[in-house]
Structure formats: C-alpha cells, structure tokens
Amino acid sequence: MDATIFQVLWYFLIFVLIAGYFVLDGFDLGAGVLYPVLAKNESERSVIRRSIGPVWDGNEVWLLTAGGALFAAFAPAYATTFSGFYLAVMLVLFGLIVRAVSLEFRAHDPAWARLWDVCFTVGSLLPALLLGVAVGNIFAGIPMDAAGNYAGVPLLGLITPFTLLTGVLGLVMFLAAGASWIALKAPKPSALQERAAKLRMPLQVAALVLFAVVTAYVFLVLKPEMAAALGAVRVVFAVAFVVAVAAALFFGVKKGCDLGSFIAQSAAAVCLVALLATSMFPNLVAASAASAGPAITLMSAAAGETTLLWMTIFTVIGLPLVLLYHVIIYRTFRGRVEA
C-alpha cells in the first residue's frame, strides 16, 4: 500500500481524536468554567459536579491519545509544538491536574470546599482558553529555524490578535457546550436548569459572531495558502457549522429539546475541527513569514510506512473498544441528575 495513503489517513485521524476531545471534554470543561456562574447554592454545585463526575476522566483520554498519535505518526510536528508551546502546554497540564484533584478532594474535604471550587473553575478555564490559542498558532504559522525548531519568544510570542480570537472562539464553544450539558442534566424543573438553558443561547450567538470574525480575519489579513482541491469541502463544513449552531439555537428555544440542542452543539464542534483540518491540509504546523524553515507537513514529518501500518491495525482494534466504553458509561449514567 502506498505510504501516502497512511500519511493522509493519520493526518485526519489525529483531527478525529481532537474532535472527540473537543466534544467530550469540551462540555465538562465548559461546565467547570460556568460552575460559579450558574450554581447559586451547594445543592446546585453538587448537581454540576455529579453531572460530569462519571465521565470527565474518560473524556480526557482523547487528548492523551491525540498527543500520543502525533508523537508516533508525525514526531517532528510533536517536537516543534510541544517544545515551542512548552509553557502553554504546562499551563494546560497544570489546569487539568488541578481540576482532577479538586473534583476528588471536594467530596472528601468540606472544610476547604471554597478553595477546591476555585481550583475546579481555574483548572477548567486554562485548557479551555489555551487550546484555542495553540490551534490559532499552528494554523497562522509560527517562526521556525531551518531545523524546524520554534524560534519565537516563549509564550508571549504565541499571543497575537488572531490567536486571541481563536482562543476566545474555542472558549465560547466550550461554554456553550457546558451550558447545553447542564441544561440537559440538571433536574427539571429547577432554577439551575433554567439558568443554563437561558445562558446557552447568547453563547451560541457569540460563537457565530466570533466564527464570522475569525473567518474574515483569515481571508482579509492572514491570507494563508489552502489546498485548492479541498475548497468545496471547506465550504460544506463552514455551512454545516453555521447550520449546526442555528439548530442548537432552534432546539434551545423549543421546550423539552435539551438533548437536541446538545447534539447540535456537539455537531458544530465537530464541523469546526473538520474545517480546521481541511484548511490546514497538508500542513501540520504552518511557518510564519519570519520563519527560516519551511512548514511542517504530513509528508515531511511522517513516520515510516511500517509504523503507520501497525498504528492503523491497533487503532482498528482499540478505537471500537474505547467507543464501547463511552457508550456503556453514558448509557449507565443517562438521564437527569437528582437534586
């Protein structure tokens, strides 16, 4: 089999893993950021924690798998991004660790409940914001030397108007997913459920506005080179994103359609990641104008054909098992959380 087939396959498979993380961990990160905004008493705080308690750790597996797949399939891209974004990556990991610890200790250490609540929110906010900033950088381009190493200013060099826009867009998508999840899982009728249902709609409108601004910035300011063959596909995913968010708004207005709103919001997240993948192809990390080296592409960074073949075999075996695990967990804990 042609090695190029495996390279293209793993390029898109990594984005599939990112999409899985964006959808699954997206709503519980969003719920964590909205935790102090929506929950007004201990009972409501407990409902939010219990709504994500059985699933949050399994959801994070998608991020770990995406990082591992990038390391195995496209090691140079992994080395450049993880070394160049080192401080940002450490902040994301710090947030995820603090969030996990706060969820566990919150139930067993009531004397420090307020501290753990703050840690839960901060630990959710850091990844939700910084992941979007990182995506903006690999799309817009980073300065690299001839060897492909990051050659910019650590952390501060990653913050530009465009990356801030993508960071805020990602954060708003997480928040909309979190509000949709809480509206779906909170007891109904309840004040918590009503607040979440009311908040998800302005967040979805904000996501549409930010998407339009980011798109305009890309074509009017950045003007990146994109694969012409995927132009029609990009249009389809862009339209699908707008339609999915509009559907989430429509279901959100209708009474009793919390599940429909959440599914539509999740579909919008998948469309956004798919649009990113088709817009970047074949680049894994774009090079900025100040870069001395070329962009890192799937052709220049791919592992050998044998490695990609074995990765594909293990994925065919392992991915259905992971999906089965998620089906069992979400089916077991389906329905609304009791107050």
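Evaluate the following for LEU129: is it surrounded by 18 or more Cβ atoms within 10 Å (Cβ to Cβ), at pLDDT 95 or above and in a helix (DSSP H, G or I)? Here the answer is no, as LEU129 does not meet what is asked.
The number of residues in segment 196-214 being surrounded by 16 or more Cβ atoms within 10 Å (Cβ to Cβ) and not hydrophobic (A, V, I, L, M, F, W, C) comes to 2.
One residue stands out among those in segment 96-112 that are part of a helix (DSSP H, G or I) and without any contact (Cβ under 8 Å) to a residue 12 or more places away in the chain: the one that is nearest to ILE48 (Cα to Cα), which is GLU104.
Evaluated against (1) in a helix (DSSP H, G or I); (2) basic (Lys, Arg); (3) surrounded by fewer than 16 Cβ atoms within 10 Å (Cβ to Cβ), ARG234 falls short on exactly one condition, (3). Per the listing PHE6, PHE22, PHE27, PHE12, the residue uniquely surrounded by fewer than 19 Cβ atoms within 10 Å (Cβ to Cβ), aromatic (Phe, Trp, Tyr), touching a residue at least 24 places away in the same chain (Cβ under 8 Å) and in contact with a helix residue (DSSP H, G or I) (Cβ under 7 Å, 6 or more places away or on another chain) is PHE12. The residues in segment 290-321 that are part of a helix (DSSP H, G or I), surrounded by 15 or more Cβ atoms within 10 Å (Cβ to Cβ), aliphatic (A, V, I, L, M) and in contact with a helix residue (DSSP H, G or I) (Cβ under 7 Å, 6 or more places away or on another chain) can be counted, and the count is 4. Does LEU29 qualify as being under 27 Å from PHE237 (Cβ atoms), among the hydrophobic types (A, V, I, L, M, F, W, C) and touching a Pro at 6+ places or on another chain (Cβ under 9 Å)? Judged against the criteria, LEU29 is a match. Of all residues in segment 185-195, those being part of a helix (DSSP H, G or I) and either in contact with a strand residue (DSSP E or B) (Cβ under 8 Å, 6 or more places away or on another chain) or surrounded by 16 or more Cβ atoms within 10 Å (Cβ to Cβ) (or both) number 4. Any idea which residue in segment 136-163 is farthest from ASP25 (Cα to Cα), counting only those that are part of a helix (DSSP H, G or I) and touching a Ser or Thr at 6+ places or on another chain (Cβ under 6 Å)? For segment 136-163, the residue satisfying everything is ASN137. All conditions in (1) touching a Phe, Trp or Tyr at 6+ places or on another chain (Cβ under 6 Å); (2) buried (at least 20 other Cβ atoms within 10 Å of the Cβ); (3) among the aromatic types (Phe, Trp, Tyr) hold for PHE71, with the sole exception of (2).
Taking the criterion of being surrounded by fewer than 18 Cβ atoms within 10 Å (Cβ to Cβ) and either in contact (Cβ under 8 Å) with a residue 24 or more places away in the chain or not small (Gly, Ala, Ser) (or both), the residues of segment 215-229 that qualify are THR215, TYR217, PHE219, LEU220, VAL221, LEU222, LYS223, PRO224, GLU225, MET226, ALA227.
Could you tell me whether any residue of segment 216-231 is in contact with an Asp or Glu (Cβ under 6 Å, 6 or more places away or on another chain) and within 27 Å of VAL153 (Cα to Cα)? So far as segment 216-231 goes, no, none of its residues is in contact with an Asp or Glu (Cβ under 6 Å, 6 or more places away or on another chain) and within 27 Å of VAL153 (Cα to Cα).
In summary, LEU192 fulfils each of the numbered conditions (1) within 17 Å of the chain's Cα centre (by Cα); (2) closer than 23 Å to GLY53 by Cα with the single exception of condition (1). The set of residues in segment 12-34 being closer than 29 Å to ALA191 by Cβ and either out of contact with any Lys or Arg (no Cβ under 7 Å at 6 or more places or on another chain) or among the aliphatic types (A, V, I, L, M) (or both) consists of VAL23, LEU24, ASP25, GLY26, PHE27, ASP28, LEU29, GLY30, ALA31, VAL33, LEU34. Restricted to segment 279-301, and to residues there that are of a type in the set (A, V, I, L, M) and in contact with a Leu (Cβ under 7 Å, 6 or more places away or on another chain), the residue that is farthest from VAL218 (Cα to Cα) is ALA301.
Among the residues of this structure, ALA176 counts as one that is in contact with a Lys or Arg (Cβ under 8 Å, 6 or more places away or on another chain), at pLDDT 90 or above, in a helix (DSSP H, G or I) and among the small types (Gly, Ala, Ser). Sort out which residues of segment 52-95 are under 22 Å from SER300 (Cβ atoms), at pLDDT 90 or above, of a type in the set (Phe, Trp, Tyr) and part of a helix (DSSP H, G or I), and write them in order of number. Result: PHE71, TYR78.
The values are calculated or read from the model by the stated rules, or taken from the named source; none is laboratory data. Quick caveat: nothing in here was measured; it's all calculated off a predicted structure. Quick reminder, even Gly has a Cβ in these numbers, built from the backbone with ideal geometry, and neighbours come from all protein chains shown.
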